[in-house]
């Protein structure tokens, strides 16, 4: 299974979109119903908010060719199956399900509605009418690490993990790898909150990490609570999924912003044009799906280093998971000269050297 | 003019049944006002919220699927609550029932369904009972408050579940995600209606409620539970064993919660994941009270609460209302229900003639 790059997809889609015949047909037809299933509230300032920005972008771009609907705070599991089926039976022909726990429900509903196209975010199961898509968040983590390495006085970063899945693990590793390019003695302390959105637990974790000496807070959870704690305690941090600078203007250095707009617009156009095909997309900086929020609260030379890291990844000059990489025990995990392929990254279940803590197992 | 509350001196039989209906009516009126403040047509909004989920072909079956675990747990809790045994930890007992049954389903996926399914049901019940046995023992042996112990054990159960799905029971082909393999078809409860998600557990929920009703009203045990709740001293004088009734309450509550957990993971969920319950064990407490702690009432309570979820989703899809409407609707309903209960023990009176006229 090879992942297609987002660029080829975007190129092919743009060509199809410019065909005048197709535009003419779409304008005459009923609007395309597009459903979105969200795991959190649209005002979460993070993950779900970013998806909703994408939904609005589809409406702004395609106007009355589309009609979007969303259902928020849908629990993973059986409840989501009901909601997805409800959206499909109410005439939506393209449905985005935006949380990992919607994977099996999406597949089940897709079997019942073969003429509806489904897009599942962050999963690995596909079908004739089910695509998967995701962002290479770990690229942003590396950039954050480079910035943290320059700014941290204690050399300790506190990292709030959500649930112990490869996606979160690879982010931790990319962060510490980036941080150690600047400060080889840097260490990371981690906390698992076992939730994606739990402002109370997230805030408490930030406090605990700061008490353990962390002067930079990073998070793989969706609320702004950790950044707000960071601001109160006078330390710095990174936003998650959306630009959270409004919540903590004095603490946010930058944020890895999920920018779903181009993908959502493209897939809607594909369905309208009749060119939609099941695929797997994993886009990073070069796809435009991942962007960094404006750099703030840091000296110019640090911002420059951050930008340089961003540019290096975009151009392929920096390969994050390239050996030599050691794991926590000091054993060599990736030999010098070797690069991990997407399969190895996507199933990562080890922590890199410099991280204190464990993956629950 | 001032209204007064005058004690009735007894339970009003009429208002015991009329109070929830009045509460429901007041909720509907209040919801209509909120809808119109939100700028929506109140009648259309009420239709979308309360009626439309029932009219679609999948709506009614989905209502039963959503209500089934609430009813199963609610019936068990209501028996205990009647005896003043406050089992707040049904969520944890549900989780343990799911874990016990999943262990069997994952160990013997190819066992014939005719053996596997009943065995999973028994294990689900045993799992819930085992978890409820801890607060029962602590209460009867050390007089530890079962509200606290059962509630705290919920968090222990959740951590145990996370440990299992991230560790020993993790699906080796699941790309490291915290989940077990999907259960085999033999370990999946049979569907009662083709093309829907109505599984064996839905039937079980209704059967359990009916059995619970018979036990409560027709058996000596049911009588003892009611007496213990209403007049503990009288129960002691009558020689009822309090610890036996505490054990019984917690075993029934825990066993049924465990059974609900088993049916939910084997049926609609299909595997163990860290999020196998959207809080059924806690919502069932509301359901039990909504149903007047009466097993048949619990059926209605479960259906009404399930409807509020489905209606909230329909309101989001058809009216673009925020999800918060669901929570507001449930909150208003509970508020009025508790408020209307005053009428069971008190009657509403106008001002005293003496005070008004001074005659």
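Coordinate-derived values only; no laboratory data. Here the structure is a predicted model, which is why all the values come from computation and not from measurement. Backbone-built Cβ (ideal geometry, glycine too); neighbour counts: all protein chains shown.
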* Taking the simple approach of a point 7 Å from Cα along Cα-to-Cβ for both residue B:196 and residue B:230, what is their distance in nm? -> 3.7
* Structure fact -> Here FRET efficiency (C-beta to C-beta, residue A:296 to residue B:110, R₀ 51 Å, nearest 0.05) is 0.30
* Ordering of A:162-168, A:277-283, B:139-145 by burial proxy (mean other Cβ atoms within 10 Å per residue, highest first) -> A:162-168, A:277-283, B:139-145
* Tilt of helix A:137-151 relative to the longest C-alpha principal axis of chain A, in degrees (0 to 90, nearest 10)? -> 30
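Which whole-number percent gives the relative contact order of the range A:246-327, counting Cα pairs below 8 Å spaced six or more residues apart?
Result for the range A:246-327 is 36 percent.
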* Asked: Got a sec? How would B:96, B:151, B:3 order by Cβ neighbour count within 10 Å, fewest to most?
  -> B:3, B:151, B:96
* **Burial ordering of B:289, B:282, fewest other beta-carbon atoms within 10 Å first** => B:282, B:289
* Asked: How big is the gap, in Å, between the Cα center of the range A:269-337 and the Cα center of the range A:106-146?
  -> 18
* To do: Divide by every residue of chain B the summed helix terms, -39500 (n - 2.57) for each DSSP H run of at least 4, and state the resulting mean residue ellipticity at 222 nm, rounded to the nearest 500 deg cm²/dmol.
  => -23000 deg cm²/dmol
* Using only Cα atoms, tell me the angle between helix A:78-89 and the longest principal axis of chain A; keep it within 0 to 90° and round to the nearest 10. => 40
* Neighbour-count order for B:280, A:197, fewest beta carbons within 10 angstrom listed first -> A:197, B:280
* To do: Compute the FRET efficiency between residue A:327 and residue A:208 as 1/(1 + (r/R0)^6), taking r as their Cβ-Cβ distance and R0 = 22 Å, and round to the nearest 0.05.
  => 0.35
* **Peptide A:246-259 - average C-beta neighbours from other chains (10 Å radius)** => 0
* **Separation of alpha-carbon centers, the range B:240-305 and the range B:26-97, rounded to whole Å** => 14
* Structure fact -> Under 13 Å by backbone N from the virtual spin label 7 Å along Cα-to-Cβ at residue B:334, the residues of the range A:184-224 are none
* To do: Which order do the peptides B:21-33, B:308-320 take when ranked by the mean count of other beta-carbon atoms within 10 Å per residue, highest first?
  => B:308-320, B:21-33
* What is the average number of partner chain Cβ atoms found within 10 Å of a Cβ in A:295-301? -> 0
* **Principal-axis tilt of helix B:200-218 within chain B, Cα atoms, nearest 10 degrees** => 50
* Asked: Relative contact order of the range B:143-287: what whole-number percent is it, with Cα pairs under 8 angstrom and at least 6 residues apart?
  -> 27
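If Rh is defined by the Kirkwood formula over all Cα pairs and Rg also comes from Cα, what ratio Rg/Rh do you get for the protein assembly as shown?
My calculation of the ratio gives 1.01.
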* **Separation between Cα centres of the range A:240-268 and the range A:156-175, rounded to whole Å** => 18
* Structure fact -> Simple SL model, points at 7 angstrom along Cα→Cβ for residue B:152 and residue A:358; separation in nm is 2.4
* Asked: When you look at the Cβ of every residue in B:315-322, what mean number of other chain Cβ atoms sits within 10 Å?
  -> 4
* Relative packing of A:294-303, A:172-181, which averages over residues the other C-beta atoms within 10 Å, highest first -> A:172-181, A:294-303
